[in-house]
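A quick write-up on the structure given underneath.
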């Protein structure tokens, strides 16, 4: 008889749950069907959730659309956006509902303050990720900033010794990697204010995933292909379990990988709906029962 170990931290985090609720509230509370509701970019990185909101009347818009679509309510995605984007949306006549994760919002305030105080800004994360792009947009114009994502980036930092540097991180960055990069940067002798802005939920999720992956035969990571935190979970679990698989829904699960398997681990990214997690868990349970 096999066992299934489901991570307690799997699924929506506080910021994602809050953002999804804010979009739902806008849809349910609109006074007429003619009232336009938009999200600036996908509200979260999950195609299933975004598609459901589209069907219910909340449409995704981008920078190119803001001046051409009919005025309405624009819900800012959980990853946040630049200050300029907020200003541009308001200038176009849209009403703003800010669903930026509070932990991300905190980073915006930090980089805005420290760049105003003359600090150079270091961001540990993926420069192309929407969250990081949003953070950059709150740095005082003209301030030098650098985004680093690996040891090579950290080693090649060229700020002068004694330079005032403010260091923050993408909220979903790998916690262990963050610590490794900070150690490298600390050796450069900067006058540095460093704050781990990886959210507690991310750190807990990564730790729990690693612990489960280390004791199972197969590890399943459920998440959207565009979800940064889900891909990091896959990376972490792969280092602990050779049979780690990244899936988006139960339909992606090839049951043949569960053949002759005793223990199955399941975790999921912060933007994975509970319904999808339950469907994967149920499919695994059925496979185990059929083997008995």
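Observations, loosely collected:
- Computed over the range 145-225, the ratio Rg/Rh where both radii use C-alpha atoms and Rh is Kirkwood: 1.08
- Listing 20, 168, 257 from fewest to most neighbouring C-beta atoms within 10 Å gives 257, 20, 168.
- Extended-chain gain in nm, criterion 0.36 nm per residue less alpha-carbon gap, residue 260 and residue 204: 17.1 nm
- Overall form of the range 154-292 per C-alpha gyration tensor (a/c, 1.5; a/b vs b/c): prolate
- Rule-of-thumb Rg ratio for the range 133-190 [Cα; 2.2 N^0.38 Å; N residues]: 1.15
- Between residue 92 and residue 275, the distance separating the two model label sites (each 7 Å from Cα on the Cα→Cβ line) works out to 2.9 nm.
- Shape category assigned to the range 216-263 from the gyration tensor of Cα positions, a/c cut at 1.5: oblate
- Report summary: the helix-based calculation at 222 nm, which adds -39500 (n - 2.57) for every DSSP H run with n ≥ 4 and divides by the residues of the chain, gives -12500 deg cm²/dmol.
- Restricting the calculation to Cα atoms, every distinct pair contributes to the Kirkwood radius of the range 94-235, found to be 16.2 Å.
- Derived from the Cα gyration tensor, the three semi-axes of the equivalent ellipsoid of the chain are 35, 29, 12 Å, largest first.
- Kirkwood estimate for the range 1-96, i.e. one over the average of 1/r between Cα atoms, Å: 14.5 Å
- Ordering 73, 272 by the number of other Cβ atoms within 10 Å of each residue's own Cβ, fewest first, gives 73, 272.
Each reported figure results from applying straightforward, stated rules to the coordinates on display, with no laboratory input. Quick caveat: nothing in here was measured; it's all calculated off a predicted structure. Positions of Cβ are generated from backbone atoms using ideal geometry, with glycine treated the same way; all protein chains shown enter the neighbour counts.
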